[in-house]
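For reference, the structure is listed below as structure tokens.
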Amino acid sequence: MKSKLIQQFSPTGKLAISMFMISLVTFSCNKSDYNNPPPPQPQSTVVKGSGDLSSALAEFRHLLGDSLNNAPGKTSGRREINWDGVPANITNTDNFPFDFFNSTDPAVANGRKRGLVYQNTGTAFRVDSSDFSGIDNSYAAQFDAFSPKKVFAYLGNNITDIVFKVAGTNTDATIKGFGLVLSDVDDPNSTTLEFFNGLKSLGVFKAPTRSATNSFSFLGVYFPGEKVTRVRITAGNGVLAPGVKDVSDGGNKDLVVMDDFFYSEPQANQ
């Protein structure tokens, strides 16, 4: 019926009817969008810093909780991880355990029961005391350790996911906030944190670039009304490998490594 009706009109009339039909569709879509707006982004507090990180770290530590926890069994406060106490047999090698900081063995020291686990995606994780110069000599001039003298990186992939457990157990947990120190962020779009509650993304946040005085950047995000089950770290846009140079050293990739972690005490996911 519609095609016969259109055939009775001149080309100008056909055009008018076509435009009317398009207007109806557009109005219908707009009405649907109006009735079903996208959900608002969760409230968050973002803390960033470059160069001297003192004030940024003080602010973020206060958001997470003023009490620094060093043993299981806590229900408030915060956790911190640096890599300087990692033993020599798993330093400067590609065999760092993904669950090193959440041992469930009662005989293991409390320092390894901090409720953080890297998800194993099949590539190596390396803690390094030489600024990764053992991989490529040029890296010694690119990277610095914020808490001397070890830093770390995921090899074979610039994207890593971390999940949380009640410290010293296998019980799934959530946090309210997470932040980290980065070394040598050159590209303002290369390095991000994405937060998840289950499968729902809570947002993607960009890390600031390094300052002119040193290589350090900090990014931390705190969600007062949300539960974070997973954090995805995108560190730069390339991976460390022999012969691969940083963009500031004549290469075409922004190579970034990581140091200290800061996060709220993991709580049982209920």
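The values are calculated or read from the model by the stated rules, or taken from the named source; none is laboratory data. Source: prediction; values computed, not measured. All Cβ positions, glycine included, derive from the backbone under ideal geometry; neighbour counts span all protein chains shown.
Per-structure values
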| item | result |
| --- | --- |
| Residue check for PRO188: in the same structural domain as PHE125 (by TED's automatic domain parsing), of a type outside the set (A, V, I, L, M), crowded, with 16+ Cβ neighbours inside 10 Å and over 18 Å from ARG61 (Cα atoms) | no |
| Residues within region 177-190 that are hydroxyl-bearing (Ser, Thr, Tyr) and within 26 Å of GLY225 (Cβ to Cβ), tallied | 0 |
| Residue check for SER217: closer than 23 Å to LEU63 by Cα, polar (S, T, N, Q), out of contact with any helix residue (DSSP H, G or I) (no Cβ under 8 Å at 6 or more places or on another chain) and surrounded by 17 or more Cβ atoms within 10 Å (Cβ to Cβ) | yes |
| Of the criteria (1) closer than 27 Å to ARG126 by Cβ; (2) surrounded by 15 or more Cβ atoms within 10 Å (Cβ to Cβ), which one LYS74 fails | (1) |
| Residue list for region 81-138, filter: of a type in the set (A, V, I, L, M), in a loop (DSSP other than H, G, I, E, B) and within 24 Å of THR169 (Cβ to Cβ) | VAL86, ALA107, VAL108, ALA109 |
| Strands (runs of 3 or more DSSP E) completely within region 175-250 that count 2 or more residues being over 13 Å from the mean Cα position of the chain (by Cα) and not basic (Lys, Arg) | 216-222 |
| Where a residue in region 187-207 is of a type in the set (Lys, Arg) and its partner, wherever it lies, is part of a strand (DSSP E or B), with Cβ under 6 Å and at least six apart | LYS206/THR192 |
| Qualifying positions in region 45-68 - in contact with a Gly (Cβ under 7 Å, 6 or more places away or on another chain) and buried (at least 17 other Cβ atoms within 10 Å of the Cβ) | VAL47, ALA56, PHE60, LEU63, LEU64, GLY65 |
| ALA173, sole failed condition from (1) surrounded by fewer than 18 Cβ atoms within 10 Å (Cβ to Cβ); (2) among the hydrophobic types (A, V, I, L, M, F, W, C); (3) at pLDDT 95 or above | (1) |
| Failed criterion for ASP161 (all others in (1) buried (at least 17 other Cβ atoms within 10 Å of the Cβ); (2) outside any loop (DSSP other than H, G, I, E, B) hold) | (1) |
| Every residue from region 66-80 that is touching a Lys or Arg at 6+ places or on another chain (Cβ under 7 Å), closer than 21 Å to PHE146 by Cβ and assigned to a loop (DSSP other than H, G, I, E, B) | ASN69 |
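One line per residue, one yes/no per condition, for (1) β-branched (Val, Ile, Thr); (2) touching an Asp or Glu at 6+ places or on another chain (Cβ under 8 Å); (3) surrounded by fewer than 20 Cβ atoms within 10 Å (Cβ to Cβ); (4) not assigned by TED's automatic domain parsing to the domain that holds ASP259:
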| residue | (1), (2), (3), (4) |
| --- | --- |
| GLU80 | no, yes, yes, no |
| PRO97 | no, no, yes, no |
| PRO106 | no, no, yes, no |
| THR121 | yes, yes, yes, no |
| LYS149 | no, yes, yes, no |
